[in-house]
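Quick notes on the structure that follows.
The values are calculated or read from the model by the stated rules, or taken from the named source; none is laboratory data. Source: prediction; values computed, not measured. A quick note on method: Cβ atoms are made from the backbone with ideal geometry, for glycine too, and the neighbour counts reach across all protein chains shown.
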Amino acid sequence: MRTETTACILCSRNCGLEVELDGERFARIRGDAKHPCSQGYVCQKAARLDYYQNHDDRLTRPLRRRPDGEFEPVSWDAALSDIATRLNAIRDEHGGDAFAFAGGGGQGNHLGAPYSSQLPAAMGSRFVYNSLAQEKTGDFWVNGRLFGRQNCHGTEDVEHADFVLFIGTNPFQAHGIPNARDALKAIRRDPTRTMVVVDPRRTDTAKMADVHLQLRPGTDAYLMSALLAIVVQNDLHDRAFLERRCTGFEQLERVLRDVPVAEYVERAGVDPADVERVARGLAAAESATVRIDLGIQQTLHSTLNSYLEKLLFLITGNFGKRGGNNLHTFLLPIIGHTDERDVIDGKPLRRTTHHGMFPIAGLYPPAILPDEILHGGVRAIFVESCNPAVSWPDSDAYEQAFEKLELLVVVDVALTETARFADYVLPASSQFEKWEATGFNLEFPDNYFHLRHPLFPAKGDTLPEAEIYTRLLEKMGVIPDRFPGLERLARLEPAATRHLVLLAKLARTFAKDRELSKYGASILYRTLGKHLPDGAAAAAPLLVLAMRYAARYPQQVRRAGIDGNRLTLGGNLFRAILDSRSGVTISKHEYDEVWDLVQTADGRIHLAISEMLEELQSLRHTAPPNGEYPFVLLAGERRSYNANQIYRNPEWRKIDPNGAMRMHPEDARELGLTQDDRATCSSATGSVEVSVDLDDGLRRGVVSLPHGYGMRYRGGPPQGPQINRITASASCDPLAKTPYHKHVPVRIERARG
Ligand code: SF4
């Protein structure tokens, strides 16, 4: 038995853990009090992590598909040689547009990202498809227009806010804010603080709220417009803040003064007095914050919703202050900035062939990928840490598209549903068998980074992503396998400024051969990485990221307790990250320093976004959805025992083994259904069989299904509903193409037999 520290990998909070290990198993798991952010907090899901680390579908050696469709074991060398040859041939014959990369990092495995991002570069492709682009790209797009860059990402100071407005999120189950359950309990206990929840279901969070606005699904844009209009029409907005810090309020004000509040509130199906109370409470609060999530990002008017929720805290002056909304820094840049109006070499930013879709924050949306394969010329795909066949919209379309590919390679820890279509399946070491880190360090004013060390030896013949991609690039011939000059420098005894000598030499190498600059991560891995302590080679690119971070925020890094001058601060930050086993505070900002993170040329927030104002004005002329399907399905609910695709062994669940469909008892009674009956849930795309769970917390006419089910285990049938059999790729936001998973029109019937 030994005790180690690590982090939970089940949601974006990545809480610090103290774990007792018995050989290659987790024996006991609890919160790590030394973790600078979570400080000992955990929820019930983390205790079951052994079901991720040890299960029967773990991959232990590379697999190759035979002509008869079965897999056979193959050596790494043979697999990577053949993949490299085929990738080079596809690129040389069809160009970069024939290649796409899908996935890349789940809830806590982002240290591979600097390595995996080199592969599209080697292929001359910008097509990176990622789950964030079926959730958050509308939000990123709006951030780009408001704050100047799409990676100006927001955070909410729920802990210090007097007034908290949760819209389309259930932090009690979905987390997303620091130590969510403790934070919710603290608000509930304090009579001077107010919690408002906007959600079609009476969730665990809604049960704790002062006000629950149980709106009709898909009407969030109407409700938020009404809230904004009440503030503006009653002159409750923060004029001083708007004049000093923002531009474009006059245009916005004209539109909001025109909003028919009563009509919109009626359309949302909530009590007008409650809406008035919430609007006035938000405007009057000393500090208020708005926290949202997929409930509004995956429903009708997705991108507009992202705009409106930000206006709620902006027009009330709740930005850049304690208890408000703020921006945060990134050490590991998990998103970028790709404004569709930009041009590269005189040409519009690369659009996809079939849909003509542009990237947002560097990412393309999963909703279009099957079409781009079937009709747009994508011939080869590399999938990493992702299971599109189950988790991206329209599973049937994905299966059909995967069959058409010339080459599908999957890198994963398990034989996923997507891996079953692959030509090669490459086994990655688990997140507890290698150096790892999360890029979800989204905090302000203090920010943190946690580099996790391996707890177990790598299982079988698995490899970390750093090694997989570096070997593949070497096989493709885009990088040499030796850099003698750099290796010599990397070997030298560490000194406070030694890394500068190495990086200067690296810069000279890149100046001589610009192509090599695309592969800095692998070059550092092969040189500096070899000499990092405890085999932490994969962490080598963090040196460059730490130096950039320290150069940009020197004062804030020093406030976090990292010493150093202009030359040494970045190296010392890197060293602190390497040395810390429980995570480290990397920066401490003051609240008003958030304005240094705003990236517009004039340093102000640009409120008038023409596309959004047009859509806002057109709301009143948009007819409510009205079709042949009497129910609206909220697909992808977060519950006590679901966790994306991370746990494959269904035995990890203590409850809800079938991922039951929740529906109102009166709706069930009218259909002749009772608790645990089997029913079919059918959309225009397909149908799934479900078991019924009666829940009077839902609005009438609304049903819900969880995500994280539908995987096969030990070759058996899917466990629980595969919700993407009934979602449609075409049912998505017109701008960002985020799917309307929280508004799927369905019919419910008793299952035959
Ligand atoms: S599931 Fe999320 S909130 Fe729960 S312990 Fe893991 S990281 Fe923390």
- Quick one: would you say SER610 is within 28 Å of ARG145 (Cα to Cα) and among the small types (Gly, Ala, Ser)? yes
- Query: In this structure, does GLU159 turn out to be surrounded by fewer than 21 Cβ atoms within 10 Å (Cβ to Cβ), of a type outside the set (S, T, N, Q) and within 16 Å of the ligand (Cβ to nearest atom)?
  - Reply: yes
- Item | Condition met for LEU119 (of a type in the set (A, V, I, L, M) and either within 19 Å of the chain's Cα centre (by Cα) or within 16 Å of the ligand (Cβ to nearest atom) (or both)) | no
- Among the residues of the stretch 123-144, the number that are surrounded by fewer than 24 Cβ atoms within 10 Å (Cβ to Cβ) and either more than 18 Å from the chain's Cα centre (by Cα) or without any contact (Cβ under 8 Å) to a residue 40 or more places away in the chain (or both) is 3
- Item | Filter result (among the small types (Gly, Ala, Ser) and either free of Cβ contacts under 8 Å to residues at least 60 places away in the same chain or surrounded by 17 or more Cβ atoms within 10 Å (Cβ to Cβ) (or both)) within the stretch 522-535 | SER522, GLY529
- Conditions (1) surrounded by fewer than 21 Cβ atoms within 10 Å (Cβ to Cβ); (2) at pLDDT 95 or above; (3) in a loop (DSSP other than H, G, I, E, B); (4) not small (Gly, Ala, Ser); number of the one not met by HIS741: (1)
- Note on the structure: ASN109 meets each of (1) out of contact with any His (no Cβ under 7 Å at 6 or more places or on another chain); (2) away from the ligand (no atom under 16 Å from the Cβ) with one exception, condition (2)
- In this structure, does ARG566 turn out to be without any contact (Cβ under 8 Å) to a residue 24 or more places away in the chain, among the basic types (Lys, Arg) and in a helix (DSSP H, G or I)? no
- Message: So for the stretch 440-451 (the condition being modelled with pLDDT under 95 and among the polar types (S, T, N, Q)), does at least one residue qualify?
- Response: yes
- Query: Counting residues that are assigned by TED's automatic domain parsing to the domain that holds ILE187 and among the acidic types (Asp, Glu), which helices (runs of 4 or more DSSP H) fully inside the stretch 299-406 reach at least 1?
  - Reply: 302-315
- Only residues in the stretch 26-50 that are outside the structural domain of ALA174 (by TED's automatic domain parsing) and over 22 Å from SER580 (Cβ atoms) count as the first member; pair them with residues that are in a loop (DSSP other than H, G, I, E, B) and within 11 Å of the ligand (Cβ to nearest atom), Cβ under 6 angstrom, at least 6 apart or cross-chain, and list the lot. LYS45/LEU10
- Query: Within the stretch 375-410, can you find the residues that are in contact with a Lys or Arg (Cβ under 9 Å, 6 or more places away or on another chain), more than 17 Å from GLY69 (Cβ to Cβ) and charged (D, E, K, R)?
  - Reply: ARG379, ASP394, ASP396
- Message: For the structure I just gave you, tell me whether ASP204 is within 27 Å of ARG181 (Cα to Cα), surrounded by fewer than 24 Cβ atoms within 10 Å (Cβ to Cβ) and in contact (Cβ under 8 Å) with a residue 12 or more places away in the chain.
- Response: yes
- Query: If you scan the stretch 163-209, which residues turn out to be farther than 19 Å from GLY636 by Cβ, away from the ligand (no atom under 16 Å from the Cβ) and part of a loop (DSSP other than H, G, I, E, B)?
  - Reply: ASP190, PRO191, THR192, ARG193, MET208, ALA209
- Message: Is it the case, given these coordinates, that VAL259 is in contact (Cβ under 8 Å) with a residue 24 or more places away in the chain, buried (at least 21 other Cβ atoms within 10 Å of the Cβ) and assigned to a loop (DSSP other than H, G, I, E, B)?
- Response: yes
- Please tell me if PHE432 is modelled with pLDDT of 95 or more and outside the structural domain of GLY108 (by TED's automatic domain parsing). yes
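One line per residue, one yes/no per condition, for (1) in contact with a helix residue (DSSP H, G or I) (Cβ under 7 Å, 6 or more places away or on another chain); (2) surrounded by fewer than 19 Cβ atoms within 10 Å (Cβ to Cβ):
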position	(1), (2)
ALA560	no, no
ASP563	yes, yes
LEU578	yes, no
ARG581	no, yes
VAL584	yes, no
TYR591	no, yes
TRP595	no, yes
VAL598	yes, no
ASP602	no, yes
- Please give the number of the condition SER618 fails out of (1) touching a residue at least 12 places away in the same chain (Cβ under 8 Å); (2) away from the ligand (no atom under 16 Å from the Cβ). (1)
- Query: Would you say PHE101 is under 30 Å from LEU314 (Cβ atoms) and either more than 16 Å from the ligand (Cβ to nearest atom) or not in a strand (DSSP E or B) (or both)?
  - Reply: no
- Query: Residues in the stretch 594-601: is at least one touching a Ser or Thr at 6+ places or on another chain (Cβ under 6 Å) and not assigned by TED's automatic domain parsing to the domain that holds PHE319?
  - Reply: no
- With a cut-off of at least 3 residues that are within 14 Å of the ligand (Cβ to nearest atom) and surrounded by fewer than 22 Cβ atoms within 10 Å (Cβ to Cβ), name the strands (runs of 3 or more DSSP E) lying wholly within the stretch 1-94. 25-31
- Query: surrounded by 20 or more Cβ atoms within 10 Å (Cβ to Cβ), in contact with a Ser or Thr (Cβ under 8 Å, 6 or more places away or on another chain) and aromatic (Phe, Trp, Tyr), is that true of TYR519?
  - Reply: no
